[in-house]
Every structure is written in C-alpha cells, then in structure tokens.
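Dropping a structure here in structure tokens format, bear with me for questions.
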Amino acid sequence: MAKIWTMGELIVEIMRSAPDRPLDKTDVFLGPYPSGAPAIFISAAAQLGASAKIWGGVGRDKFGAVLLDRLKADGVDIADVKVSAGGATGAAFVAYSHDGGREFIFHIDGTASGNVEFAPASAAAPDFFHIMGCSLTVNETMKGALERACAHFASLGAKISFDPNIRPSLLGERGVMETAGAVMNHCSVFLPGVDELMLFAGIAGGTDMQAKSLFERFPKLDIIHVKNGKRGSVIITRQEKIEVLAYPIEKKYPIVDPTGAGDCFDAAFVTALADGKTLREAGALAAKAGAINATAMGPMGGDIKNLIVERIAE
C-alpha cells in the first residue's frame with residue numbers, strides 16, 4: 001500500500017450559489033465545504049487506497065468538525081491535526097464567473113488552520129511527502145514547519161512531490177525561489193501548471209526549454225508533470241516526454257465545480273507512482289481523478305474512488 005503524507009491548511013470553503021455573483025455584493029452562499037489544497041489532496045489519495053496522513057490545525061468548532069469528519073470518513077490519519085480551543089477554523093469565500101474565473105477571500109493566517117506544528121515522533125517516512133505551494137504563503141510558521149518536514153522526510157528516503165499552486169499575487173515582495181526554493185531543492189516530482197512552470201523556470205521558450213532549465217538547477221528533480229486544463233498534460237523526465245489527453249468527463253457528467261481538480265490530479269498521479277504504475281498509467285489516472293472531482297459541488301465533491309473503480313474505469 002502506498003504511503004502518502006502531507007501538511008498544510010485545513011479550511012472550509014463557502015461559495016456563491018451561482019456564477020457572476022461577486023463577493024462585494026450581498027447574495028447567497030453555499031457551504032461550508034471541507035477544503036484546503038492539502039486536505040483535498042490527501043482525501044483523494046486515501047480514496048485511491050493510499051495510507052494517508054496529514055499534519056494541520058483546526059478550531060474546536062463546527063467548521064473543524066466538518067473537516068475532520070470528512071477526512072476520517074475517507075480514511076485519512078488525522079492524529080497529527082491539532083484541534084485548538086483558542087482559535088477558529090479558517091475559511092475561504094469563493095465566487096465564480098461564467099467563464100470559469102474565480103475570486104477568493106481567504107481567512108487562514110491568525111486562525112487555528114494557520115497554526116501547523118511538526119515534531120517527528122519516529123524515524124518513519126512515507127513513500128511521498130506532498131507539499132502545496134499555497135501552504136508556503138500562509139505565514140512564516142507554516143512555511144518553516146513545511147520546510148523542516150520536507151528536509152526530514154527527504155533525509156529518510158521519502159520522495160517529495162510539489163504542486164507550486166502559487167500565483168504571483170500571493171508572493172508579495174518575495175521571489176518565487178525565496179518562497180519555494182528550499183522545497184525545490186528536495187523535490188522529485190514537480191506538478192506545475194503552464195504559467196507556474198514558466199514562473200519557476202524564469203524563462204520563456206516553451207515547456208521543453210523550461211523543464212531543461214529546472215532539471216539542470218535541481219539535481220533531485222526526476223519528473224515534471226505540466227497541467228494544462230482541457231488541453232491535457234505533459235510528463236517530462238530527463239529521458240522522455242509523454243503527452244496525456246484530458247479525460248472527457250463532460251461526455252458522461254456535467255462539470256459543476258472545478259475547485260480541487262488539480263489537487264485530486266496530483267493525488268492520483270503520486271499514488272499511482274508509489275503503487276508502481278508506469279508514467280503513462282499514472283498520467284491517465286490523474287486526468288480521470290481531476291475530471292471526476294469537477295462533477296460535484298465542493299472541492300472534495302467528486303466520488304473519486306467509486307467513479308474510477310466502478311463507473312468509468314477503462
């Protein structure tokens with residue numbers, strides 16, 4: 001059984017009930033939905049059969065209960081989730097536009113969700129320790145905990161997978177390598193979008209040239225899997241390049257909510273690699289998982305396990 005662990009923010013998501021209802025207008029919301037990129041990732045990994053564990057924090061409130069209940073139901077080990085009586089669970093408010101754009105207001109820093117601690121209790125290590133770049137931008141406490149955990153597990157032989165999930169607007173005055181360089185130094189599997197690949201490579205010229213630049217700068221980097229939405233994805237290693245088609249989920253189910261699709265994509269890819277699947281097999285499973293998650297409301301809405309195994313498996 002693949003052993004997949006992660007760390008980061010556990011939050012609830014509260015979203016507009018329909019597109020084109022901006023956050024600066026009085027209107028109706030839906031939720032709370034369990035969320036946070038690391039939580040979505042680890043939920044999907046557990047549904048796909050991994051031994052899944054997360055470090056994080058929630059408040060001793062009903063939003064925290066929503067999160068913990070969902071993670072437990074999916075089979076995630078939450079023993080290292082700190083439940084704080086002195087702080088509330090963090091939240092994200094989300095609005096969509098009809099063209100798929102999203103608007104967010106985050107309340108994480110200063111909440112129990114932004115207070116993550118890491119103190120290794122043993123020399124155990126996972127197959128993969130996964131990091132989301134958004135977690136590195138919550139606050140310095142979480143960034144430091146993630147960097148310590150990354151270095152610790154890498155020293156014990158774990159592979160580090162990293163989805164940058166960082167928009168330039170979140171970086172503030174820091175450069176991307178000031179924010180994520182310590183993680184990239186240990187990273188084995190890098191999971192950027194097209195724009196994020198260019199941001200991290202720091203050069204134009206297309207994915208091949210950008211990937212080559214990153215392989216030259218980071219010796220531990222083995223795989224770059226570039227996500228490009230409906231255009232599919234491309235897996236690049238030091239030896240080969242594999243094109244992966246997007247899974248045409250809309251032929252069977254309508255797209256309802258794309259939030260969390262990339263996180264589920266990551267989980268399926270990393271879990272498949274840890275289970276010994278080929279790169280092409282792992283890429284195809286990732287495409288399915290990301291597509292499935294977009295067929296239900298809420299960032300953990302898609303029934304990843306049952307849809308893949310029972311209803312759309314090929």
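Read-outs throughout are calculated quantities, based only on the coordinates presented, and are distinct from any laboratory measurement. This is a predicted model, so every value here is computed, not measured. Note that we place each Cβ from the backbone using ideal geometry, even for glycine, and neighbour counts take in every protein chain shown.
Short version: ³J(HN,Hα) in whole Hz for each residue of segment 70-78, in order, from phi by Karplus 6.51 cos²θ - 1.76 cosθ + 1.60 (θ = phi - 60°), x for Gly and Pro, what are they?
5, 4, 4, 4, 7, x, 7, 6, 10
Follow-up. Can you count the Lys pairs in segment 229-280 whose Cα atoms are under 21 Å apart, with each pair 8 or more apart or on different chains?
Taking the Cα cut-off of 21 Å, the pair count is 4.
Got a sec? Charge dipole of the chain, +1 on Cβ for Lys and Arg, -1 for Asp and Glu; which of ALA44, CYS264, LEU245 is way out at the positive end?
It is LEU245.
Count neighbours as other Cβ atoms within 10 Å of each site's Cβ, and list the trypsin sites (Lys or Arg not before Pro) in segment 116-174 that are DSSP loop with at most 12 such neighbours.
ARG174
Along segment 82-97, what does the Karplus equation 6.51 cos²θ - 1.76 cosθ + 1.60 (θ = phi - 60°) give for ³J(HN,Hα), rounded to whole Hz, x for Gly and Pro?
7, 9, 9, 7, x, x, 8, 6, x, 8, 10, 9, 10, 10, 10, 9
Separation of segment 68-102 and segment 230-262 by C-alpha centroid, Å?
Segment 68-102 and segment 230-262 have Cα centres separated by 24 Å.
Using the Cα centre of the chain as the reference point, and only Cβ charges (+1 on K/R, -1 on D/E), how large is the resulting charge dipole? Debye, rounded to the nearest 20.
Dipole about the Cα centre, nearest 20: 380 debye.
For ASP80, enumerate residues with amide H under 5 Å from its amide H, sequence gap 5+ or separate chain, H modeled in the peptide plane.
For ASP80, the qualifying residues are ILE54.
While we're here: For the chain, what is the percent of antiparallel DSSP beta bridges, rounded to the nearest 5?
So the antiparallel bridges amount to about 40 percent of the total.
Right, another one. If the reach is capped at under 21 angstrom between alpha carbons, list the lysines near LYS62, excluding any in the same chain fewer than eight residues apart.
Those lysines meeting the cut-off are LYS72, LYS82.
Please list, ordered by chain and number, the residues whose modelled amide H lies under 5 Å from the amide H of LEU10; skip anything fewer than 5 residues away on the same chain.
GLY57
Per residue of segment 29-43, what does 6.51 cos²θ - 1.76 cosθ + 1.60 with θ = phi - 60° give for ³J(HN,Hα)? Whole Hz please, x for Gly and Pro, Karplus curve as stated.
Values, residue by residue: 10, 10, x, x, 9, x, 7, x, 3, x, 5, 4, 4, 6, 4 Hz.
Name the residues whose placed amide hydrogens come within less than 5 Å of the amide hydrogen of VAL116, ignoring near sequence neighbours (fewer than 5 apart) on the same chain.
Correct list: MET142.
Run through all the Cα pairs of segment 196-256 and give the fraction in each 10 Å bin from 0, expressed as whole percent.
Taking every Cα pair in segment 196-256, the percentages come to 20, 46, 20, 12, 1.
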